[in-house]
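> After the structure tokens below, expect a handful of questions from me.
The values are calculated or read from the model by the stated rules, or taken from the named source; none is laboratory data. Given the structure is predicted, the values throughout are model-derived calculations rather than measurements. Glycine also receives a Cβ, built like all others from the backbone with ideal geometry; neighbour counts cover every protein chain displayed.
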Amino acid sequence: MSTELPIAPSSDRVAIRDRVASLVRQWQGPLTADLLRTPGKFGLGQVPAGKAPDATTTAVCGYCSTGCGLNIHLRDGEAVNLTPDVEYPVNTGMACPKGWEALSVLQASDRGTIPLMPDDFGNRVPVKWEIALKVFCDRFKAIQEKHGKQSVAFLSTGQLPTEEMAFLGSLAKFGMGALHGDGNTRQCMATAVVAYKQAFGFDAPPYTYQDFEESDVLVFVGANPCLAHPIMWQRVCRNPHNPEIIVLDPRATETANAATQHVALRPKSDMAVLYGLAHILIAEGWIDREFIDAHTADFDGFAHHVQAFTPERVEQESGITREQLYYVARTIHLGKRVSFWWTMGVNQSYQGVRTAQAIINLALITGNIGRPGTGANSITGQCNAMGSRLFSNTTNLLGGHDFKNEAHRHKVAGVMGIDESHIPHEDSWAYDRIIEGILRDEIKGLWVICTNPAHSWINQNTCREILDKLDFLVVQDMYHSTETAELADLYLPAAGWGEKEGTFINSERRIGLLKKVCKAPGKALSDFSIFKLIAHYWGCEEMFADWDSPEDVFQTMKELSRDQPCEITGIDDYRMLDERGGIQWPYRAGVDSDDSQRRLFEDGRFYHEDGRARLLYEEPKTMPEPPNPRYPYLLLTGRGTASQWHTQTRTSKSSVLRTLYPEHIYVEMHPDDAKREGIRPNSMVRVASQRGSLKAKAFVTPTVQQGQVFIPMHYEETNQLTLAHFDPYSRQPSYKNCAVSIRPEGSDVAK
Ligand code: SF4
């Protein structure tokens with residue numbers, strides 16, 4: 001049974017939150033041996049009666065980028081339960097509901113156990129691996145012969161271990177000759193990547209989680225860690241300095257409600273507010289001139305740019321009063337250790353890169369970087385988005401290198417022992433260009449690995465039609481039931497977290513170890529094994545002859561990283577990662593300290609050749625689809641619960657997690673808007689945009705501003721409404737703004 005949302009009174013909402021929090025708190029206590037022997041206790045239900053654990057090992061969690069350490073309790077070598085690892089430097093004994101349920105979702109009835117292909121009547125039927133692999137190679141090769149090598153592309157994920165990503169990117173581009181491949185990390189992190197590269201000279205989040213506890217001022221922009229990164233939020237709650245917590249967010253989110261200052265700005269006015277803060281800091285002399293002169297470039301240009309962002313202008317554009325803006329600037333000035341944090345509210349925007357850089361600029365001009373409790377800190381989404389950023393061979397050549405740089409291609413070819421001619425000289429198309437390429441008949445074959453674009457891609461209806469145009473769609477996933485897998489011409493069953501080994505890199509650059517603690521069901525194989533088999537059937541196995549295990553790939557990754565900012569040559573092997581509780585990059589033997597919490601830029605040197613960070617800025621753009629008379633509300637999307645992950649592919653399989661959030665889609669709207677539209681709390685409404693419409697339950701709440709509505713992203717229908725528009729630098733989709741109408745269900749609707 002699913003929890004129904006309490007509608008209307010905010011006290012009810014608080015009550016349900018308290019109930020959920022109490023459930024979560026129960027799970028955060030240490031599990032005793034008695035409890036481990038109790039089937040179903042705490043709803044975990046993973047311990048078969050009479051099967052008490054006889055050993056324990058450790059592994060990092062496979063959902064979000066926090067990268068919590070888990071103790072996996074084993075019986076006869078198989079996982080029977082788990083508890084958070086109290087020794088691990090990330091979570092120190094805590095885990096969110098998703099982590100606690102990481103094992104149960106492996107048992108689902110829709111796990112793929114054998115390859116599937118549609119028969120002549122369109123019914124999916126099992127086929128042997130030998131046949132599936134032959135079909136994979138024959139069909140993709142035929143497409144490449146007819147339409148060119150670049151007509152086959154791949155879409156991957158930030159959920160694969162780094163070694164599998166490196167294998168996939170190498171196999172597809174060097175072995176199969178594909179040019180275009182991207183990951184679902186484009187949907188969450190591309191903006192931060194580009195912002196850091198342009199500002200610092202390398203994609204380098206500078207912080208360590210200890211900074212959550214060492215700041216005296218924390219500024220969160222477009223971030224709701226209470227829900228999206230609950231263990232990071234726990235670290236904030238442990239901060240002993242009684243910090244000021246400032247949240248810039250249009251919604252009164254859980255984090256905003258817990259903050260000392262909530263800046264409830266208008267959607268997409270964040271850039272103006274950040275420039276307005278810089279305006280005040282500079283005008284008042286509340287800047288670190290010594291740091292600026294020694295370590296940054298183009299301060300004068302930036303100072304000139306923000307002169308135009310007077311408090312009056314910012315008030316007009318953002319709805320934030322001059323007094324509040326000044327108060328925030330003064331709080332930043334008075335802080336000794338100020339840290340700035342952002343996530344999807346910034347990244348998923350048509351001007352995300354420049355907004356992220358407006359945050360970076362605040363840290364730079366106030367000298368809040370490279371010291372404990374400071375930094376311009378992007379919080380990543382998926383468990384291995386950071387691994388994808390460095391080693392997926394999609395936007396970067398392996399190891400943070402550049403496909404267009406001859407010296408880089410030469411180095412990578414040498415380390416890999418392959419002919420340099422196999423390495424493309426061009427960057428891949430980004431995700432949106434690959435989708436457009438299908439529409440233009442330039443991409444005819446697509447290999448989708450461990451992601452679900454038919455649910456998650458912006459403007460979903462168009463995406464499904466576009467996928468239908470392909471000559472050949474292969475989906476490789478744990479579950480055969482995802483929206484994308486059901487469209488596939490060939491489905492390959494893959495092992496999931498806990499059923500294979502490898503490494504993840506978390507938000508603070510910590511490389512953590514994933515272990516095999518369960519057998520994959522039926523004939524499902526690890527993605528590593530599938531790639532190895534495809535290489536064999538394709539005829540390029542020689543290229544990967546040295547890679548017999550993920551740890552072999554890890555050894556290659558070490559060499560690829562040499563002399564890069566992300567160098568990890570000092571890590572001996574997996575055992576060292578295990579013993580040390582993960583290791584943050586960079587780690588060069590004898591150069592980098594062995595401290596378990598390390599941050600970047602302590603010497604003030606950045607990765608540009610002159611060692612200086614760039615202050616980058618631009619005039620804000622107008623919103624592409626503002627509310628209008630036909631569609632008078634602005635739709636915001638985002639995470640609605642700590643118990644759900646992305647498209648729910650895994651989390652929906654847990655009966656425990658399903659009790660912690662509403663089963664059916666709901667839309668949050670302001671009481672005054674509900675009254676105006678004649679919408680009663682808890683009634684069904686129709687939400688429509690120019691692209692489609694959906695039916696949802698009305699959750700009437702003052703936590704959204706008038707004129708705005710909010711729908712959680714994990715419901716399948718949500719992206720039927722969203723507008724496909726992108727940041728021009730990062731090509732990241734702007735999920736958080738489009739115009740919609742909302743009416744009682746059954747009345748005339750805009751569409
Ligand atoms: Fe930790 Fe994230 Fe896993 Fe939750 S989902 S246990 S916060 S890593």
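> Go over the candidates 414, 437, 381, 370 one by one and state the one that is closer than 30 Å to residue 325 by Cα and surrounded by fewer than 22 Cβ atoms within 10 Å (Cβ to Cβ).
Result of the check over 414, 437, 381, 370: 370.
> Would you confirm whether or not the stretch 585-593 contains a residue that is surrounded by 13 or more Cβ atoms within 10 Å (Cβ to Cβ), farther than 30 Å from residue 56 by Cα and not β-branched (Val, Ile, Thr)?
Yes, that holds for at least one residue.
> Got a number for residues in the stretch 633-656 being within 14 Å of the ligand (Cβ to nearest atom) and over 28 Å from residue 733 (Cα atoms)?
The number of residues fulfilling the criteria is 2.
> Let me spell it out: the conditions are (1) touching a Gly at 6+ places or on another chain (Cβ under 6 Å); (2) surrounded by 21 or more Cβ atoms within 10 Å (Cβ to Cβ); (3) more than 28 Å from residue 604 (Cα to Cα), and residue 222 meets all of them except one. Which number is the exception?
Every condition holds for residue 222 apart from (3).
> Within the stretch 348-462, considering only helices (runs of 4 or more DSSP H) that don't extend past its boundaries, which have at least 1 residues that are within 16 Å of the ligand (Cβ to nearest atom) and out of contact with any Cys (no Cβ under 7 Å at 6 or more places or on another chain)?
Once the helices (runs of 4 or more DSSP H) in the stretch 348-462 are filtered for at least 1 residues that are within 16 Å of the ligand (Cβ to nearest atom) and out of contact with any Cys (no Cβ under 7 Å at 6 or more places or on another chain), what remains is 385-391.
> Take the stretch 317-334 and flag every residue that is closer than 16 Å to residue 705 by Cβ and assigned to a helix (DSSP H, G or I).
317, 318, 324
> Just to verify a result, which residue in the stretch 335-347, among those that are assigned to a strand (DSSP E or B) and not polar (S, T, N, Q), is nearest to the ligand (Cβ to nearest atom)?
Only one residue fits best here, namely 341.
> Sticking with this structure for a sec: Out of the residues in the stretch 90-116 that are among the polar types (S, T, N, Q) and within 16 Å of the ligand (Cβ to nearest atom), state the one that is surrounded by the most Cβ atoms within 10 Å (Cβ to Cβ).
Looking at the filtered set, the residue picked out is 91.
> Now a separate question. Is there a residue in the stretch 79-89 that is over 25 Å from residue 205 (Cα atoms), more than 16 Å from the ligand (Cβ to nearest atom) and either more than 23 Å from the chain's Cα centre (by Cα) or crowded, with 17+ Cβ neighbours inside 10 Å (or both)?
For the stretch 79-89, residues over 25 Å from residue 205 (Cα atoms), more than 16 Å from the ligand (Cβ to nearest atom) and either more than 23 Å from the chain's Cα centre (by Cα) or crowded, with 17+ Cβ neighbours inside 10 Å (or both): present.
> Here is a further query. Answer yes or no as to whether residue 702 is touching a residue at least 60 places away in the same chain (Cβ under 8 Å), part of a loop (DSSP other than H, G, I, E, B) and either in contact with a strand residue (DSSP E or B) (Cβ under 8 Å, 6 or more places away or on another chain) or closer than 25 Å to residue 184 by Cβ (or both). Let's see the steps before the verdict.
On the way: touching a residue at least 60 places away in the same chain (Cβ under 8 Å): yes; part of a loop (DSSP other than H, G, I, E, B): yes; either in contact with a strand residue (DSSP E or B) (Cβ under 8 Å, 6 or more places away or on another chain) or closer than 25 Å to residue 184 by Cβ (or both): no.
It is false that residue 702 is touching a residue at least 60 places away in the same chain (Cβ under 8 Å), part of a loop (DSSP other than H, G, I, E, B) and either in contact with a strand residue (DSSP E or B) (Cβ under 8 Å, 6 or more places away or on another chain) or closer than 25 Å to residue 184 by Cβ (or both).
> Are any of the residues in the stretch 161-170 of a type in the set (S, T, N, Q) and either surrounded by fewer than 24 Cβ atoms within 10 Å (Cβ to Cβ) or out of contact with any strand residue (DSSP E or B) (no Cβ under 7 Å at 6 or more places or on another chain) (or both)?
Checking the stretch 161-170: at least one residue is of a type in the set (S, T, N, Q) and either surrounded by fewer than 24 Cβ atoms within 10 Å (Cβ to Cβ) or out of contact with any strand residue (DSSP E or B) (no Cβ under 7 Å at 6 or more places or on another chain) (or both).
> Using beta carbons and a limit of 6 Å, which pairs, at least six apart or on different chains, have the first residue in the stretch 505-522 and in contact (Cβ under 8 Å) with a residue 60 or more places away in the chain and the second one part of a loop (DSSP other than H, G, I, E, B) and polar (S, T, N, Q)?
Going by the 6 Å Cβ cut-off, the qualifying pairs are 506/65; 507/65; 507/380; 508/208; 521/113; 522/113.
Yes or no, residue by residue, for (1) within 16 Å of the ligand (Cβ to nearest atom); (2) out of contact with any His (no Cβ under 9 Å at 6 or more places or on another chain):
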position	(1), (2)
471	no, no
475	no, yes
481	no, yes
498	yes, yes
523	no, yes
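> Restrict the check to the stretch 629-643 and report whether at least one residue is hydroxyl-bearing (Ser, Thr, Tyr), surrounded by 18 or more Cβ atoms within 10 Å (Cβ to Cβ), assigned to a loop (DSSP other than H, G, I, E, B) and modelled with pLDDT under 95.
yes
> Quick one: count up the residues across the stretch 156-169 that are under 15 Å from the mean Cα position of the chain (by Cα) and hydrophobic (A, V, I, L, M, F, W, C).
Total satisfying the criteria: 1.
> Go through the residues of the stretch 549-569 one by one and say whether even a single one is of a type in the set (Phe, Trp, Tyr) and outside the structural domain of residue 396 (by TED's automatic domain parsing).
No.
> Is it true that some residue in the stretch 37-51 is away from the ligand (no atom under 16 Å from the Cβ), modelled with pLDDT of 50 or more and among the polar types (S, T, N, Q)?
No, that holds for no residue.
> Pairs needed: first member in the stretch 118-140, free of Cβ contacts under 8 Å to residues at least 24 places away in the same chain and assigned by TED's automatic domain parsing to the domain that holds residue 490; second member anywhere, of a type in the set (A, V, I, L, M, F, W, C) and part of a loop (DSSP other than H, G, I, E, B); C-beta distance under 9 Å; at least 6 residues apart or different chains.
Within 9 Å, the pairs are 126/114; 127/114; 128/114.
> While we're looking at this one, here's another question. Can you tell me which of (1) closer than 24 Å to residue 209 by Cα; (2) not in a loop (DSSP other than H, G, I, E, B) is the one residue 604 doesn't meet?
Evaluating residue 604 over (1) closer than 24 Å to residue 209 by Cα; (2) not in a loop (DSSP other than H, G, I, E, B) leaves (2) as the failure.
> I need the full set of residues from the stretch 585-639 which are of a type in the set (A, V, I, L, M, F, W, C) and in contact (Cβ under 8 Å) with a residue 40 or more places away in the chain, in order please.
Filtering the stretch 585-639 down to residues of a type in the set (A, V, I, L, M, F, W, C) leaves 585, 589, 591, 600-601, 606, 613, 615-616, 623, 634-636.
If the condition is that a residue be of a type in the set (A, V, I, L, M, F, W, C) and in contact (Cβ under 8 Å) with a residue 40 or more places away in the chain, then 585, 600, 601, 606, 613, 615, 616, 623, 634, 635, 636 are the ones that fit.
> Looking only at residues that are in a helix (DSSP H, G or I) and free of Cβ contacts under 8 Å to residues at least 60 places away in the same chain in the stretch 646-693, which one is surrounded by the most Cβ atoms within 10 Å (Cβ to Cβ)? Talk me through it step by step, then tell me what you get.
As a first pass, look at the stretch 646-693 and keep what is in a helix (DSSP H, G or I): 651-653, 655-658, 671-677.
Filter once more, so that each one left must be free of Cβ contacts under 8 Å to residues at least 60 places away in the same chain: 652, 672, 674-676.
Numbers: 652: 19, 672: 13, 674: 22, 675: 11, 676: 11.
Among those residues, the one meeting the criterion is 674.
> Name, by its number, the condition in (1) within 23 Å of residue 481 (Cβ to Cβ); (2) buried (at least 24 other Cβ atoms within 10 Å of the Cβ); (3) among the acidic types (Asp, Glu) that does not hold for residue 119.
(2)
> Would you mind stating whether residue 458 is at pLDDT 90 or above and either closer than 23 Å to residue 729 by Cα or touching a helix residue (DSSP H, G or I) at 6+ places or on another chain (Cβ under 8 Å) (or both)?
Answer is no for this residue.
> Something else now. Within the stretch 182-202, count every residue that is within 11 Å of the chain's Cα centre (by Cα) and not in a helix (DSSP H, G or I).
Total satisfying the criteria: 3.
> Scan the stretch 465-499 for residues that are assigned to a loop (DSSP other than H, G, I, E, B), crowded, with 24+ Cβ neighbours inside 10 Å and more than 21 Å from the chain's Cα centre (by Cα) and report the count.
1
> Check every one of the strands (runs of 3 or more DSSP E) wholly within the stretch 207-311 and list those with 3 or more residues that are away from the ligand (no atom under 16 Å from the Cβ) and either in contact (Cβ under 8 Å) with a residue 24 or more places away in the chain or basic (Lys, Arg) (or both). Working first, answer last.
Numbers: elements: 217-221, 244-248, 261-263.
Answer list for the stretch 207-311: 217-221, 244-248.
> Sticking with this structure for a sec: Can you confirm whether the stretch 528-537 contains a residue that is of a type in the set (Ser, Thr, Tyr), assigned by TED's automatic domain parsing to the domain that holds residue 449 and part of a loop (DSSP other than H, G, I, E, B)?
Checking the stretch 528-537: not a single residue is of a type in the set (Ser, Thr, Tyr), assigned by TED's automatic domain parsing to the domain that holds residue 449 and part of a loop (DSSP other than H, G, I, E, B).
> Of all helices (runs of 4 or more DSSP H) completely enclosed by the stretch 71-179, which ones contain at least 2 residues that are closer than 29 Å to residue 651 by Cα and modelled with pLDDT of 95 or more?
The qualifying helices (runs of 4 or more DSSP H) are 129-147, 162-170.
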